[in-house]
Amino acid sequence: MEKTNKKQITDFLINNGVIIVMFILVIYTGFTTDNFFTSNNLLNLLVNMSSRLVIALGIAGCVITAGCDLSAGRMIGFGACISGVLLQRMDYSQKFFPNMEPMNVFLVAVIVMLICAAFGSVTGFFIAYLSVPPFIATLAMMEIVYGINMIFTNATPLGGYVSNYTNVASGKFLGISYLIWIAIIVAAITWFIFNMTRHGKYMYAVGGNPQAAEVAGVPVKTTLILIYMKAAAMYGLAGFMLGAKAGGASVNLGLGYEMEAIAACTIGGVSVTGGRGRVTSAIVGVTVFELLKLALQYLGMDANAQWIAIGIVIFIAISLDIRKYIAKK
């Protein structure tokens with residue numbers, strides 16, 4: 001009995017080691033630096049988390065099916081650039097479409113999501129029907145989307161947005177930024193899809209054992225296409241959000257965000273081996289990552305060195321997940 005309890009404690013410490021270390025780091029930072037534990041800092045943290053959470057929620061579905069999506073970062077940049085060209089002021093000297101009136105902000109968000117979803121469905125088709133490994137299929141789509149975006153924008157930075165668009169980032173409802181509300185709504189919808197719909201059940205079945213799922217009558221191919229299509233729509237929405245927050249966009253916006261999203265999901269409990277993960281997993285993982293970056297900034301770590309720390313966290317998180325998978329086998 002004592003050995004069992006010790007093993008349970010050991011497993012808990014190992015499985016949640018990254019989260020525990022981050023928690024200790026945050027506590028240490030809060031007590032050794034000024035203005036870390038403040039309401040303004042918390043709200044800024046939540047604003048920074050909002051777009052990252054939308055990305056992580058999109059990529060979580062791919063990871064649950066033992067896949068990945070390397071096109072996320074480029075899709076984010078594409079979504080931001082599409083949003084930008086449709087929402088520039090008429091008096092802006094470098095307006096992309098000089099004679100086109102700015103469109104409705106909500107309509108632009110929908111358009112961006114639909115365009116990115118179309119690219120995601122192509123990725124899903126290659127994975128589902130042509131058995132292209134997700135790593136290769138999304139790598140190819142990453143290059144395609146980047147090339148299209150470079151041609152579309154001529155690699156020109158965008159700016160001069162209408163106030164209705166930038167207000168998406170600066171505006172508040174009940175004292176909380178619109179960006180945070182968007183992330184909350186997306187998280188709620190994703191939770192509903194994962195837990196209350198047939199598609200969600202199919203997703204977990206495919207992630208657990210695609211062969212057994214197909215024998216049981218699960219439409220594996222359709223499920224995979226929908227997962228990558230839904231994920232790409234979320235990347236487009238994240239690009240829309242980041243463009244509003246930055247007040248501008250370029251083809252390189254979102255570069256590398258897919259790696260952080262995959263790592264965040266893994267830290268939170270989404271298994272890279274498939275079949276396991278929740279919306280709360282993405283929330284926990286993104287929170288840990290953003291707290292890590294914030295704590296390192298307050299501790300005065302060099303901005304370039306922070307990438308090393310993030311890389312180490314990714315190494316540890318993936319290694320622990322693989323360890324859990326091997327232990328179960």
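The values are calculated or read from the model by the stated rules, or taken from the named source; none is laboratory data. Only a predicted model underlies this, so the values are computations on that prediction, with no experimental measurement involved. Heads up, the Cβs are rebuilt from the backbone with ideal geometry, glycines too, and the neighbour counts pull from every protein chain shown. All accessible areas refer to the heavy atoms of the entire protein, side chains included, with ligands and DNA or RNA removed. Shrake-Rupley method; radii C 1.70, N 1.55, O 1.52, S 1.80 Å.
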Notebook entry, point to check: When only residues in segment 278-289 that are open to solvent by 20 Å² or more (accessible area, probe 1.4 Å) and part of a helix (DSSP H, G or I) count, which is farthest from T65 (Cα to Cα)?
Noted result: T287
Margin query: What's the total number of residues in segment 54-77 that are part of a helix (DSSP H, G or I) and open to solvent by 10 Å² or more (accessible area, probe 1.4 Å)?
Written below: 1
Notebook entry, point to check: So, of the residues in segment 252-277 that are closer than 16 Å to V145 by Cα and of a type outside the set (S, T, Y), which turns out to be surrounded by the fewest Cβ atoms within 10 Å (Cβ to Cβ)?
Noted result: G256
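Take I111 and tell me if it is under 20 Å from A246 (Cβ atoms), over 18 Å from the mean Cα position of the chain (by Cα), at pLDDT 95 or above and not in a loop (DSSP other than H, G, I, E, B). Steps first, please.
Numbers: under 20 Å from A246 (Cβ atoms): yes; over 18 Å from the mean Cα position of the chain (by Cα): yes; at pLDDT 95 or above: yes; not in a loop (DSSP other than H, G, I, E, B): yes.
Against the criterion (under 20 Å from A246 (Cβ atoms), over 18 Å from the mean Cα position of the chain (by Cα), at pLDDT 95 or above and not in a loop (DSSP other than H, G, I, E, B)), I111 qualifies.
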Notebook entry, point to check: Would you call F173 out of contact with any Gly (no Cβ under 7 Å at 6 or more places or on another chain), in contact (Cβ under 8 Å) with a residue 60 or more places away in the chain and at negative phi?
Noted result: no
Item checked: Filter result (of a type in the set (G, A, S) and in contact (Cβ under 8 Å) with a residue 40 or more places away in the chain) within segment 119-139 -> G120, S121, G124, A128
Check: If you check A249, A231, which single one turns out to be touching a strand residue (DSSP E or B) at 6+ places or on another chain (Cβ under 6 Å), in contact (Cβ under 8 Å) with a residue 12 or more places away in the chain and crowded, with 22+ Cβ neighbours inside 10 Å?
Finding: A249
Next item on the list: Among the helices (runs of 4 or more DSSP H) lying completely within segment 187-270, list those that include at least 3 residues that are within 24 Å of S50 (Cβ to Cβ) and touching a helix residue (DSSP H, G or I) at 6+ places or on another chain (Cβ under 8 Å).
Entry: 220-246, 257-268
Notebook entry, point to check: When residues of segment 290-310 are filtered for being assigned to a helix (DSSP H, G or I) and over 17 Å from the mean Cα position of the chain (by Cα), how many remain?
Noted result: 12
Next item on the list: Count, please, the residues in segment 139-168 that happen to be more than 21 Å from the chain's Cα centre (by Cα), open to solvent by 60 Å² or more (accessible area, probe 1.4 Å) and among the hydrophobic types (A, V, I, L, M, F, W, C).
Entry: 4
Checklist line | Exclusive hit being part of a helix (DSSP H, G or I), under 24 Å from A282 (Cα atoms), at pLDDT 95 or above and open to solvent by 30 Å² or more (accessible area, probe 1.4 Å), set F135, F119, F126 | finding: F119
Check: Give me the pairs: first residue in segment 255-269 and over 15 Å from I312 (Cα atoms), second residue acidic (D, E) and surrounded by fewer than 24 Cβ atoms within 10 Å (Cβ to Cβ), beta-carbon distance under 9 Å, and six or more apart or on different chains, which are they?
Finding: G269/D321
